[in-house]
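The next block holds one structure in the form of structure tokens; read it before the comments.
The values are calculated or read from the model by the stated rules, or taken from the named source; none is laboratory data. Keep in mind it's a predicted model, so treat the numbers as computed, not measured. Here the Cβ positions follow ideal geometry from the backbone for every residue, glycine too, while neighbour counts run over all protein chains shown. These accessible areas exclude ligands, DNA and RNA; they are computed on the full protein's heavy atoms, side chains included. Shrake-Rupley method; radii C 1.70, N 1.55, O 1.52, S 1.80 Å.
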Amino acid sequence: VTMVIAWSLQALVQVPSLNKFKFRYKPSLRFNDPDIKRALMLAGPMLVSTWVQPLYTIVNSRIASGIDGGSAVAYLDYANRLYIIVTGVFSFVVTNLIFPKLAGANAENDTDAARGLITMSLKSICVVILPLMAGFIILSEPAAGLLYGHGTMTIDGVRTTALALSCYSTGMIGLAINEILSKSFFSMQNSKTPMVNAVISMLINVILAYALSPVLGIAGLAFAAAGGSIANALLNYICIRKYHRGLLVKSDVISIIKTAASAIIMALIVLVIYRFLKPHIPENTVGWLISGGLCAVAGAAVYFAVCYAIGVEEVRSVIGGFIKKMKGKA
């Protein structure tokens, strides 16, 4: 019931804005309309490609039911929800912003504008997701503890959830990039390519899940889902280069490498701080808040400082704009 209400409210909050544009909805069922036919033709493959992550969850939950007497299913689900929410919040923001512009550029056959939007989106999502990915890999226990470490969940449950979250997080960048590239294909009214790639990645997930779960248990299932997401992103990237050659030029690759280097430096420092704090802080809500909070603040400071120092333009422009705004107020 809560989910139905939430989805309904997402539609209702749009009404005031639609009224400003004097939009009026008139129900109509014209299935012979060529645009409706085109939309229906695109909808099927689109649904398959966008539902690949839930399919990962279904397959992995089925396998997890045979691990630790079935308790692994709950821990895997807790970790997967947090992984999807964190990655989805940022990737959906980017894709929702660029999709109308991408659709417009493709409608006008402006390939240069479309390619520029995709490149900008890929670089921007790397700036945001790479440090988050590193942070969740290292700080999975404080994150899982703060959200789930209360009620009937034991410390062992928190640790198991944290292990799954840490392994899931290795696929964050793949999941985020795939979201951008899938929407890029949809903006070209091409839903078959991401569908085929989604099916292949699903098969990769199944193979990895059955191969890794007997050895690594719940960690193997999380790694399998991450591997599927990375494979899906790589396949979509390879395919989209057929439409947009020179999608990432040398300067773009260097920028992404700088971003990754900044995230790695941040991760090393956060790891040192966390390992120092962990033995001295209790495993409870206050302890997880202190350790996670201190590490997150220190990590963010280090990440932005390193990005600025080595010349990551996306970070420099944000920090530069903030400094100008503060000077203007002064």
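The 3J(HN,Hα) values that the Karplus relation (6.51, -1.76, 1.60; θ = phi - 60°) gives for segment 169-184 are, in residue order, 5, 5, x, 4, 5, x, 4, 5, 5, 4, 4, 5, 5, 4, 5, 5 Hz. Gly and Pro appear as x. For segment 244-289, a/c is not less than 1.5, where a ≥ b ≥ c are the root eigenvalues of the C-alpha gyration tensor, and a/b tops b/c. That puts it in the prolate class. Couplings for segment 71-77, taken from phi via the Karplus curve 6.51 cos²θ - 1.76 cosθ + 1.60 with θ = phi - 60°, read 5, 5, 4, 5, 5, 5, 5 Hz in order; Gly and Pro are left as x. Each residue of segment 274-280 was assigned a 3J(HN,Hα) from its phi angle through the Karplus expression (A = 6.51, B = -1.76, C = 1.60, θ = phi - 60°), giving 5, 5, 6, 6, 3, x, 9 Hz with x at Gly and Pro. The residues of segment 148-203 expose on average 36 square angstrom of accessible surface per residue, using a 1.4 Å probe on protein heavy atoms. Loop sites by DSSP among the chymotrypsin sites (Phe, Trp or Tyr not before Pro) of the chain, restricted to those with at most 15 other Cβ atoms within 10 angstrom, leave 52-330 as the longest stretch without any of them.
Shape call for segment 183-261 from the C-alpha gyration tensor, a ≥ b ≥ c root eigenvalues: rounded (a/c under 1.5), prolate (a/b greater than b/c) or oblate? Here segment 183-261 falls in the oblate category. For segment 173-324, just say rounded, prolate or oblate: build the C-alpha gyration tensor, square-root its eigenvalues into a ≥ b ≥ c, call rounded for a/c under 1.5, and beyond that prolate if a/b exceeds b/c, oblate if not. Note, shape of segment 173-324 comes out oblate. If you roll a 1.4 angstrom probe over the protein chains with everything in place, what fraction of the accessible area of the chain belongs to carbon and sulfur, to the nearest %? Within the chain, the accessible surface is 70 percent carbon and sulfur.
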